[in-house]
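The values are calculated or read from the model by the stated rules, or taken from the named source; none is laboratory data. This one's a predicted model, so the numbers in the text were calculated from it and none came from an experiment. With ideal geometry, Cβ positions are generated from the backbone for all residues, glycine too; neighbour counts draw on all protein chains shown. For the accessible areas, the whole protein counts, side chains as well, though only heavy atoms, and no ligand, DNA or RNA atoms are used. Shrake-Rupley method; radii C 1.70, N 1.55, O 1.52, S 1.80 Å.
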Amino acid sequence: MLLVAGFAAQAQAPAAPMASSNAQAKELATRLGREQSLEGLETIVAARNVDLFAAYERGWREATAVRPPQPLPAAIEAVIVKHYTDPVMGPALRTLCSANWTPYRTRALFDLMFAEWRSGKVRPSTYPLRDAVLRTELAGIEPPLVEWLRARDPPGTEDMKAIVGFLGRRGNEPAIPVLAALQAQGDRGVEQMASMALLEIRTPEAIEAVLARLASLRGPAASGAQREDREFIAARVAELPTSVPLPYARLRAALPDGVRTHSLAWLGARKDPDAVPDALAVLGETSHYPRSLEVLVASDSPQVWKQARAEVERLKQQGRLDDGQYRYASTLLDGKIADPEKHLAETRQQRLAQELHDRRGTLSRGRTEAQKLRASDPEKYVVAMREYLAALVRLVDEYRQLPAATGARNDIAWDYLDLGHFVRFRLKRPRESLDLYAGSQRAGGKLGGYGLADTLQFDLRDPQRALAEYRKLLEEASPAAVQAGLMDPAVAAWARRWLDAQIRHLSSGKKFTGTIGPEDLSGAAMWLYLGAAAGGREDVFGLAPLLERAPSDRREVARVLDALPVSGFVLMRTASLVGLMPDARSILAFLDRQDPAGYASATLFGVVEMAERGAEGGQYARLLPGVPGLGAQPSPMSEAKKRFLRERRIEVRR
């Protein structure tokens, strides 16, 4: 109240206030507009200060631009009604619903705006009054609009089109006679809009009015514009939803004999056998051949396929199909005719795949909304993502026999993995992350299983359960899995040796030692290439600034990496950055902490060795920044490599 009282004093200040005071008043008015303040608005209206109202309206517009349109608050609408006839504030107040996509709700405001609109003496405004009048869910306003269309002084063209479109969207049946008459009004824009409105109403009477208009345009003397209108209307009729019970014969009767192409949309959507003769008739037209063949096949009728096959043969004999067209069409139709059940099974699969796609699209809106909460409300984000993923799992299970379900399961696996990382590393709740990693694993994500083992080993200090999970992963990376095409051979070979090292270290405390060979190097190269992605799709560790540029401050790299938690996922994310740490000591300390078993580090240094030898045309060098192997001064990574290989007695062979 004190704020508004102070504002009132500024709003009613003398005509020549100081510039700073005026600016402050406008700034306050803008803020009150953002808040849709009733007291602020009433103060401005009482002061009849148009400049301050413009600031208020600007704030209102800024607020409404970032959220879905909401109806005018009842109290503010009452202010507009009360002062509507005020010559100064009335036009300004009207902009609150005409300029900002803000619907109104009362008959009182409709009557005021409609009376002004119809009078033809609309007060100056930046925004057309018709937009404000027609932006409402208010019921019962159609009769005066229809009456105006019938009047001796009807609205102008643009106003008429706006009213016609509104009546169509409302499905207003009493408007059908006047809309039917407007189809021949003389202005093509109004005529087409009237036909469209009738088709939106969709009653038999409305559709018959459109068909009558279509029939009036079918004569041989039709002008070019009339032919264009005929095509426009016929195309819209052909697009009517299948829920509208209209036989093709009724459309056909309204069209000229030679116009047959609309049968394609009709047959494709409705499978109406009456459209088949026309679809066959355009099969030999080059521009319509592909679509015609497609809808004839999609009729799912062996009888139609046989008719199409006979027509293909006839067209070939007449030279109207080339060899390629004939070969494709005849082979396709012969296959359908020979095995109708196979076609029907494929059609069912396609229908189910589309169902899955559509239902998944609806669900994905939940994911989008959940993602908006990730930074602002982490707890609600986790709850919303869990609900979304549980619903998606149920949906995919319903369609599990479809190939498309495989891709959906892959996305489920990644989303559960990312959510597990978020809960574990951001919210610091590793025990809760186990369930999320398990969700990823159930969806087929190998990294979900690794998340279980990694969390048990490093966060929960449970070596026995971690061992059990590592052994499961080892079984999944078996040669049999490779043979079945479930894993890349190089990745599987590397994963088996890495898992062996993890198991040995957890069981006995021994670190990896031995020989690094070609398979290890190939797997390590793949790990380095794909490692960042393997750590998840979200930047849960905040490494984007380092990964997106080549950092020059090695101490900054060390500071960031040393602050990270211990996890194999951290190693996956940071392997390409290790060579940018300042010295061998910091590199070795980081690797020993993140990879206590030592095998991943050994293969990493094996890649360094190959990079320094210039192996594979320098391909290895490109995987690891900070390992040039050139000049008099060896890189920190080279020094770390020498110490690591010597102390662990590891040999690198190629």
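Here are a few things to note about the model shown:
- Two numbers describe the Cα atoms of region 58-158: Rg and Dmax, which are 13.6, 43 Å.
- Across all directions, the average flat footprint of the convex hull enclosing the Cα atoms of region 183-235 is 3.3 nm².
- Bridgeable lysines around K271 (alpha carbons under 30 Å apart, same-chain partners fewer than 8 residues away excluded): K306, K316, K336, K342.
- Fraction of accessible area attributable to carbon and sulfur, region 263-373 (%, probe 1.4 Å): 52
- The convex hull drawn around the Cα atoms of the chain, when projected onto a plane and averaged over every direction, covers 44.8 nm².
- Here K428 and L38 are evaluated by their C-beta separation; at R0 = 51 Å the FRET efficiency comes out at 0.65.
- For region 337-390, convex hull of alpha carbons as volume per residue, Å³: 60
- Nonpolar atom fraction for region 19-153, defined as the carbon and sulfur part of the 1.4 Å probe accessible area, stands at 54 percent.
- Rounded to two decimals, the Cα radius of gyration of region 228-316 over 2.2 N^0.38 Å is 1.04.
- Helical content of the chain, expressed as a calculated mean residue ellipticity at 222 nm, amounts to -20500 deg cm²/dmol (DSSP H runs of 4 or more residues, -39,500 (n - 2.57) each, divided by residue number, nearest 500).
- Note on L460 and Y326: the model spin-label points, each 7 Å out from Cα along the C-beta direction, lie 7.1 nm apart.
- Accessible area per residue, Å², the chain with all protein chains present, probe 1.4 Å: 48
- Contour excess over end-to-end distance, with Cα ends at E548 and E294 and 0.36 nm allotted per residue: 86.7 nm
- Solvent-free Debye scattering, log10 I(q)/I(0), computed from the Cα coordinates of region 350-501 at q = 0.10, 0.15, 0.18 Å⁻¹: -0.41, -0.86, -1.09
- Measuring against 20 Å, Cα to Cα, the residue pairs K428/K472; K511/K642; K380/K428 contain K428/K472 as the ones spanning a longer distance.
- The fraction of Cα-Cα pairs per 5 angstrom bin, counted from 0 for region 67-221, comes to 1, 9, 18, 19, 17, 13, 10, 6, 3, 2, 1, 0, 0 percent, rounded to whole percents.
- I516 long-range amide H proximity, modeled H, under 5 Å: E651, V652, R653
- In this view, the solvent-accessible surface of D595, computed with a 1.4 Å probe and all protein chains in place, comes to about 10 Å².
- A straight chain from Y127 to H357 at 0.36 nm per residue would run longer than the Cα-Cα distance by 78.7 nm.
- Gyration tensor (alpha-carbon) shape descriptor, region 365-452, a/c threshold 1.5: oblate
- Rounded to 10°, Cα long-axis angle of helix 204-216 versus longest principal axis of the chain: 80
- Cα Rg, Dmax (largest Cα-Cα span) when computed across region 118-187, Å: 12.2, 34
- Across all Cα atoms of region 412-498, the radius of gyration (one decimal) and Dmax (whole number) stand at 13.1, 40 Å.
- Here the mean projected area of the convex hull built on the C-alpha positions of region 299-400 is 9.6 nm².
- Dimensions (Å) - region 180-280, Cα atoms, principal axes, largest first: 37, 30, 16
- With DNA, RNA and ligands ignored, accessible area of Y127 (1.4 Å probe; Å², nearest 10): 70
- With q set to 0.16 Å⁻¹, the log10 of I(q)/I(0) for region 147-189, from the Debye formula over equal scatterers at the Cα positions, is -0.37.
- Ligands, DNA and RNA excluded, the heavy atoms of T574 present near 0 Å² of accessible surface to a 1.4 Å solvent probe.
- Separation between Cα centres of region 544-588 and region 283-333, rounded to whole Å: 63
- Between D377 and Q318, the simple spin-label model (points 7 angstrom out along Cα→Cβ) gives 6.7 nm.
- A Cβ-based charge dipole, computed about the Cα centre of the chain with Lys and Arg at +1 and Asp and Glu at -1, lands at about 1360 debye.
- For the chain, with +1 on Lys and Arg beta carbons and -1 on Asp and Glu, the positive-most of G189, G407, P124 along the dipole: G407
- Dipole axis of the chain (+1 Lys, Arg; -1 Asp, Glu on Cβ), positive-most option in S243, P204, A490: A490
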